[in-house]
Amino acid sequence: MKKKIVLNTFYTLGIVVSVVGLKWAYQAHNFPVVGLLIATAIFFLYLKVSIVKEVRTGIKDKEKSMAAAKDETN
């Protein structure tokens, strides 16, 4: 779980750096870099969404297993 939290933080930083770089590149009229940074930001967003989905399903599975164990003891 700690690894996923660290990855999520890394992906968030990647998105922020991409957006800041996107602003800089657009103001400098450096359009190939704008395209690259858009692609990078989309990639980081995809990775972030996928890891959030993994964490949510992991939490739901853990809750189900805990509820099943609780039912067995009663």
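Read-outs: derived from the displayed coordinates by stated rules, not from any lab. Note that this is a predicted model, so its numbers are computed, not measured. Backbone-built Cβ (ideal geometry, glycine too); neighbour counts: all protein chains shown.
If you average 1/r over every pair of different alpha-carbon atoms in the chain and take one over that average, what Kirkwood value in Å do you get? Present the calculation step by step, with values, prior to reporting the outcome.
Numbers: mean 1/r = 0.0688 Å⁻¹.
About 14.5 Å for the chain.
By the rule of a C-alpha distance below 20 Å, with chain neighbours fewer than 8 residues away ignored, the lysines paired with K2 are K48, K53, K60, K62. Suppose each label sits 7 Å from its Cα in the direction of the beta carbon; what would the A68-W24 distance come out to in nanometres? Output for this residue pair reads 5.1 nm.
Spin-label model, I38/D61: points 7 Å from Cα along the beta carbon direction are separated by 3.7 nm.
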